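Note sheet for the following structure.
Any read-out appearing in this document is the output of simple, stated calculations on the displayed coordinates, not a laboratory observation. Keep in mind the model is a prediction, meaning the values are calculated, not measured. Cβ placement follows ideal geometry from the backbone for every residue including glycine, while neighbour counts extend to all protein chains displayed.
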């Protein structure tokens, strides 16, 4: 009698054939589909639809451009601690150009890119890592004698869609930090007419890239985004609202010094400069390295790397945020920024008063 | 007569490397390597809180 895996293996096409060829069981594949449905904020019933889409999908072509980058996002993509289904799903993309991992160099490498643009015009996905410098005619980043902006115009301009990976590609990142010596900007800023999805983060979380690809395969398009082009499934909620240390914030239990009793107890890192209250992302839920940990769990505050221009707006990193939004899961990414500052001030004031009153009551009870 | 060969980009490394060499009579007579990307992190670091420096310099290379 033939098992289910065997039958599926024979009838499958596209990416799924690659997945089963790698020895992934049907059960593990369906588990992955359920997990992806969860990351995308869909009900569990979508797992079947996702599985069906991946089974039927054509192998999408992807090119990966590196501009003013550190390859941190490339590492996020490549360095899984063990082969995971997510890695395999990303593997089934036909990556036709990626300088860090491709075999050809020089003119042969550039030809691979030219061929994709020419032969698959309007059908491929372009991933961009790193910012684009505009100062001095773009001399601060050149590949094959062409400036980054020149390459981006051609490659992103002819792509089906562009995914800007990491904060450098989405908003200029560290090269754009003051005084921005090279005139670095993000892809969407450089190419306002191109369809760009922004996956911010330093680096971006590869789970969010995987989920974006799965969304693309399942629904044939990019996911819904916030006002700065980030998918809502990953950037729709505030880190502070899902933080595992949130209860300590609400209870007024703060780390005051690295290594103090509170730090050892896992108390809130707000007073040590944590930027979780002003940062939008799914880090506390999805975590990194296959759900192992994330910065706050490891004992360091969030540096706000999912927010545009965090190198200037969130620094000094160890200074306590002056204004913290109030209680509840009520704030959205679109409200943060200028508008929320006033609300935030009121929120934090109310919180301080509440804490002060609580403190007094405690003292009163002590003396009674 | 000397012939100029350029390999740009050098792949399987990260950092936008370009190699130019001059070949004369089957021998390399001159060669140049050049980094084709600059971000100016040294310039960006100036005047910042020293406690933040490790987070900036860590981003020189993500590999």
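Observations, loosely collected:
- Inter-centroid distance (Cα atoms) of segment A:244-315 relative to segment B:1-50, Å: 39
- Distance distribution note for segment A:146-240: the fraction of Cα pairs above 16 angstrom is 57%.
- The ranking of A:90, A:65 from fewest to most other beta carbons within 10 Å of each one's beta carbon is A:90, A:65.
- Once the C-beta distance of residue B:43 and residue A:298 is scaled by a Förster radius of 35 Å, the resulting FRET efficiency is 0.70 to the nearest 0.05.
- Among the residues of A:97-107, the average count of other protein chain beta-carbon atoms within 10 Å of the residue beta-carbon is 5.
- Diagonalising the gyration tensor over the Cα atoms of segment A:199-332 and scaling each eigenvalue by 5 before taking the square root yields semi-axes of 28, 15, 13 Å, largest first.
- Take every Cα pair under 8 Å whose residues are at least 6 apart in sequence, average their separation, divide by the length of chain B, and the relative contact order is 23 percent.
- Counting, for every residue in B:30-43, the Cβ atoms of other protein chains within 10 Å of its Cβ and taking the mean gives 5.
- Packing rank of B:2-9, A:52-59, where each peptide gets the mean count of other beta carbons within 10 Å, highest leading: A:52-59, B:2-9
- Report note on the peptides A:97-109, A:233-245, A:113-125: ranked by the mean count of other C-beta atoms within 10 Å, highest first, their order is A:233-245, A:97-109, A:113-125.
- Inter-chain Cβ neighbour count for A:66-76, averaged per residue, equals 5 (cutoff 10 Å, partner chain atoms only).
- Simple spin-label estimate for residue A:118 and residue B:33 gives 3.2 nm between the two label positions (7 Å along the Cα-to-Cβ direction from each Cα).
- Shown for A:111, A:275: other C-beta atoms within 10 Å of each C-beta, ranked fewest to most, produce the order A:111, A:275.
- Compactness of segment A:34-80 - radius of gyration and Dmax, Cα, Å: 15.0, 41
- Computed over segment A:60-235, Kirkwood Rh from alpha-carbon pairs, angstrom: 16.1
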